[in-house]
Amino acid sequence: MAKIIFYGGKGGVGKTTCSTSNSINYAEKGLKTLLVSTDPAHSISDVLGMDIGRSIVRIRENLDGLEIDPEYEAELYIEKIRANMKTILSNVIVEEINSQLDAAMVSPGTHESALFDKISDIIIDKYDDYDIIIFDTAPTGHTLRILTLPDLLEGWMGSLAKKRKSIVNMNKMVTRKYDEKDPVLEILERRQKRFGEIKKIFNNTNNVRIRFVLNAEKLPIEETKKALKMLKQFDIPVDTLVINRIMPDDIGAEFWEKKRKQEQEYLKEIEMEFQGKEFIKIPLLDSDMNKSTVDMLSKYFGE
Amino acid sequence: MNSIWLIIFSIIAFIIAYATYGAWLAKHWGLDATKKTPAHTMNDGVDYVPAKAPVLLGHHFSSIAGAGPIVGPIGAAMFGWLPVMLWIVIGSIFFGGVHDMGSLFASVRHGGRSIGDVIGHTMGSKGKKLFALFAWLTLILVVAAFTNIVASAFVSTPEAATSSILFIALAILFGVGVYRRGVSLAVGTVIGVILLAVAVWVGILFPISLSINTWMIILIGYIFVASVTPVWILLQPRDYLNSFLLYAMLAGGIIGLFVMRPEIQLPAYTSFKVGSNYLFPILFITIACGAISGFHSLVGSGTTAKQLDTEADIKLVGYGAMLIEGVLATLAIITAAYLSADKLAEVTAAGGALNVFADGIGTFMGSMGFPQLVAKNFVTLAISAFALTSLDTATRLARFIFQEFFTSDKEGAASNGFTNTLTNKYVSTLITVIIGGTLAFRGYQLVWPIFGSANQLLAALALLALALWLKRTGRQYKMAVYPMVFMFIATLVALVLLMMANLANPILLVFAVALFILAIVLILESRAAFASTEELD
Amino acid sequence: MSRLKKFITDFGLFFKGATDFKGRAYEMLESETKTEMDNFILICFADQLGMPLPISYYTLELLPYLVDEIEDWDKRMGKRKSVWEERWSNYDLDP
């Protein structure tokens, strides 16, 4: 049973570091892991010091990586539609409709929809290929809202398919052509089915885990509180908090010792505020995370 | 005097009116045969398609003709046939004809859009809301009035009840066979017509006798179920098969009339006060369809305005159709006029206006050799089938208006995938049916005048919009104002009398009061609108 | 004489229009289908009207197949705020 882990958290808390380390940990344990980044900043490539692109690449043994580029995915999708149009319609009409497709590229929902589409594809298609799939999400707090989409979209698609079916039936009565298949209905039902599949996977709480990353500082704690509240509204449970960049006890120097003491206070606050959750504590490193240091934190994710 | 003279008189009067007043209206309104109509400027090959004038006339006429012009005149026959005839003729010529022709003209000049748009254009959104409200109230009253009428007919002619039930089954069979399964229309029609004849025959063998209240409850249940089912199962087949019934009946009736040529026995004029009804205003609101009816503006401006080939046809289609309906109303009054006053009262008491009509046409056809009972059953079936279809449609239309205006801000479609629509459909239908049904139990005598009042206030509103538009576009408009004023006076007086008569009936009282208040609001709106001097295109 | 002939032809046309059996048999079905189709297209391409819906991205796929309907829809989309009057022509009230 593959597990799907979503990593969330505000900008700058070290999400990419944590998700990468986490995936290395699983890989070392022998679990076939896929690390997927949805962050347009391509941070995973930076952290690992290798080019992770739009197709799955082997990072190391048991660990594969992929970066989703929503804009690219959207373009791909629209190009496919354009190609399909050319086979069905005359070029004159294709010309007229082209502008509508161009407009779709810049429409507000396109980015999120394309992203969701690709995530669904990965989950459904690669489910059996990997033991763990980890998603490193973009810093915007709404990204985890993607988890509510399957239910919403399946409902919409279902209603639309139902409407289309009733139209097809009525049309059959008017035209007296009772045997014709309707490609639109087929597409709608196919989509509905796919959303249903994803919905089933997400709804099984054994399959999906969400981990929120934060630092033991005032602002990240406050932001985490707000984010969790919002996620709760969408019925998205967050059961693990990854507290990153905790200063080591022997940090030395009065300045840092003061900061460390304050951090300890914040740690206590975190443990009280978010009681009942699992805490994974990650220490602050004395150097940047890069290709050679990337293994250093993986052991903290050992379960 | 022979009743044929009534038909001859009305036809001649209408022909003269058509050639004179109709032409006068066309001239003074500036109907322009050279101006391209929406059927040409917005031709889309589907809705906006020019149609030949006679065909369009036929289409428009069949849209506006219904049970109204039959029930109204017979219901007013208590005052004698002369007042009825005069109102039918004068009303159609100077009131209804102006209303219908004017609404059509205004619609055409507004891009083929409905009269509601004209109202919105001249009176703003307040006027439009009023219009919707009137339409909704009138539709509910249609449900009330027609339910009662059909139930009464079933009581006096239980054979027709059986035949009607069989007709429903037959319609469903047709719907499933022809639409769902693909049986050819020709085959389905032939089988349908044969089975209709069988239904008439079986009805005579096995009449179903129930009390009027029982029938009304059954009818209310039927309306609810029928109006929420998809159209292909019941409504569409009914509407289609109805036309065969109807035209057969009309043909039989008219031929039979000319064969029998019955003498008029009813007095030309009885008295100003009959029972608790005064000739003014009761005569004028009892006969709505057949003289002036607000529904015509809505029914016609839907498709007719979009299919008009040239403005020169407006006279024929708008004015002409109303006059033809006047002839239909004349036919109806004859079925009452050839009876003596006592006999008329007797037949009316047995089953209402519908019974009088069916009895009459049945007798006329009987003179041609048809067994009278068969003919009567057939006519009752035809008219009640018509009325039942109207009930179904009226409920659906009322539901649309209700959903659009009276439901709370539940934009169901926007957020969670249309699931709310289901609830709304049944709830709003239920509301319509319950209100209409409850009113129906009050009886024809009380409901029909309120229905007539509402229908004519609807017409007054359309006339108002018409007058405003004519005035503001620099045309002659007084010919629309005088009928409107008369309508206001008649309906207001009627509503006051009705309110006084219905102090013990809360729902009727509420309706009468509501209509009265709305009429006042409308009058105030019109004063304000007329006072404004802004020019319109 | 030709006037009489025309009158008779017109009379026949009047009856054809009044009865219109073939038309009547499908009138309501056609109107309802059109109405349903309009609503369907509205939802599929609400994005084009400036109302992005969650499914707008996914209904784009349907564009090639619905081109014909969209053209008709475009023409009918005049005023959608108040539609109850349009519905009158979908049915036969016969008051």
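The values are calculated or read from the model by the stated rules, or taken from the named source; none is laboratory data. Every value quoted in this text rests on a predicted model; they were computed, and no experiment measured them. Note: ideal-geometry Cβ built from the backbone for every residue, glycine included; neighbour counts use all protein chains shown. What goes into the accessible areas is simple: the full protein's heavy atoms, side chains included, and nothing from ligands, DNA or RNA. Shrake-Rupley method; radii C 1.70, N 1.55, O 1.52, S 1.80 Å.
Figures for the structure shown
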quantity	calculated
Criterion: in contact (Cβ under 8 Å) with a residue 60 or more places away in the chain, closer than 20 Å to A:N207 by Cβ and not hydroxyl-bearing (S, T, Y) - qualifying residue of A:D128, A:D121, A:D117	A:D128
Segment B:251-280: number of residues that are more than 15 Å from B:G80 (Cα to Cα) and in contact (Cβ under 8 Å) with a residue 60 or more places away in the chain	12
Cβ-Cβ under 7 Å pairs, at least 6 apart or on other chains, segment A:230-251 side within 30 Å of A:K199 (Cα to Cα), far side open to solvent by 40 Å² or more (accessible area, probe 1.4 Å) and modelled with pLDDT under 80	A:F234/A:R145
Residue under evaluation B:A135, criteria (1) more than 26 Å from the chain's Cα centre (by Cα); (2) within 12 Å of another protein chain (Cβ to nearest Cβ); (3) among the aliphatic types (A, V, I, L, M); (4) part of a helix (DSSP H, G or I), criterion not met	(1)
Residues within segment B:119-129 that are among the aliphatic types (A, V, I, L, M) and either open to solvent by 10 Å² or more (accessible area, probe 1.4 Å) or within 9 Å of chain C (Cβ to nearest Cβ) (or both), tallied	1
Failed item in (1) in contact (Cβ under 8 Å) with a residue 24 or more places away in the chain; (2) within 13 Å of the chain's Cα centre (by Cα), with C:T33 passing the rest	(1)
Residue within segment B:350-364 that is in contact with a Gly (Cβ under 7 Å, 6 or more places away or on another chain) and aliphatic (A, V, I, L, M) present	yes
Residue count, segment B:302-325 (criterion: away from chain C (no Cβ under 11 Å) and part of a helix (DSSP H, G or I))	9
Close pairs from segment A:13-24: first under 8 Å from A:N244 (Cβ atoms) and among the aliphatic types (A, V, I, L, M), partner open to solvent by less than 10 Å² (accessible area, probe 1.4 Å) and part of a helix (DSSP H, G or I), Cβ under 9 Å, at least 6 apart	A:V13/A:T224
Options A:V238, A:V213: the member that is touching a strand residue (DSSP E or B) at 6+ places or on another chain (Cβ under 6 Å), assigned by TED's automatic domain parsing to the domain that holds A:K15, assigned to a loop (DSSP other than H, G, I, E, B) and hydrophobic (A, V, I, L, M, F, W, C)	A:V238
The lone exception for B:Q236 - which of (1) more than 23 Å from B:I70 (Cα to Cα); (2) modelled with pLDDT under 95; (3) open to solvent by 10 Å² or more (accessible area, probe 1.4 Å) it fails	(3)
Flag for A:T224 being part of a loop (DSSP other than H, G, I, E, B) and hydroxyl-bearing (S, T, Y)	no
Test: residue in segment B:383-395 that is modelled with pLDDT under 85, assigned to a helix (DSSP H, G or I) and under 26 Å from B:S63 (Cβ atoms)	no
Positions within segment B:239-280 being open to solvent by 60 Å² or more (accessible area, probe 1.4 Å) and within 14 Å of another protein chain (Cβ to nearest Cβ), in sequence order	B:I254
Residues of segment C:34-73 classified as farther than 22 Å from A:L115 by Cβ, of a type in the set (F, W, Y) and at the interface with chain A (Cβ under 7 Å from one of its Cβ atoms), total	2
A:A83 vs. criteria out of contact with any strand residue (DSSP E or B) (no Cβ under 9 Å at 6 or more places or on another chain), buried (at least 20 other Cβ atoms within 10 Å of the Cβ) and either within 11 Å of chain C (Cβ to nearest Cβ) or not in a helix (DSSP H, G or I) (or both)	no
Lone qualifier among B:V198, B:V178, B:V190 - being closer than 21 Å to A:M173 by Cβ and surrounded by fewer than 16 Cβ atoms within 10 Å (Cβ to Cβ)	B:V190
Among residues of segment A:128-150, those that are at pLDDT 85 or above and in a helix (DSSP H, G or I), counted	2
Residue among B:A350, B:A305, B:A291, B:A312 that alone is under 23 Å from B:V98 (Cβ atoms) and open to solvent by 10 Å² or more (accessible area, probe 1.4 Å)	B:A312
Residue within segment A:102-114 that is more than 31 Å from the chain's Cα centre (by Cα) and either assigned to a helix (DSSP H, G or I) or within 11 Å of another protein chain (Cβ to nearest Cβ) (or both) present	no
Identity of the residue in segment A:211-226, surrounded by 21 or more Cβ atoms within 10 Å (Cβ to Cβ) and touching a residue at least 60 places away in the same chain (Cβ under 8 Å), that ends up nearest to A:D131 (Cα to Cα)	A:R211
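For every residue, the table says whether it meets (1) open to solvent by 10 Å² or more (accessible area, probe 1.4 Å); (2) part of a loop (DSSP other than H, G, I, E, B).
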{"position": "B:H40", "(1), (2)": "yes, no"}
{"position": "B:V46", "(1), (2)": "yes, yes"}
{"position": "B:V55", "(1), (2)": "yes, no"}
{"position": "B:S63", "(1), (2)": "yes, no"}
{"position": "B:P69", "(1), (2)": "no, no"}
{"position": "B:M78", "(1), (2)": "yes, no"}
{"position": "B:L82", "(1), (2)": "yes, no"}
{"position": "B:L86", "(1), (2)": "yes, no"}
{"position": "B:G91", "(1), (2)": "no, no"}
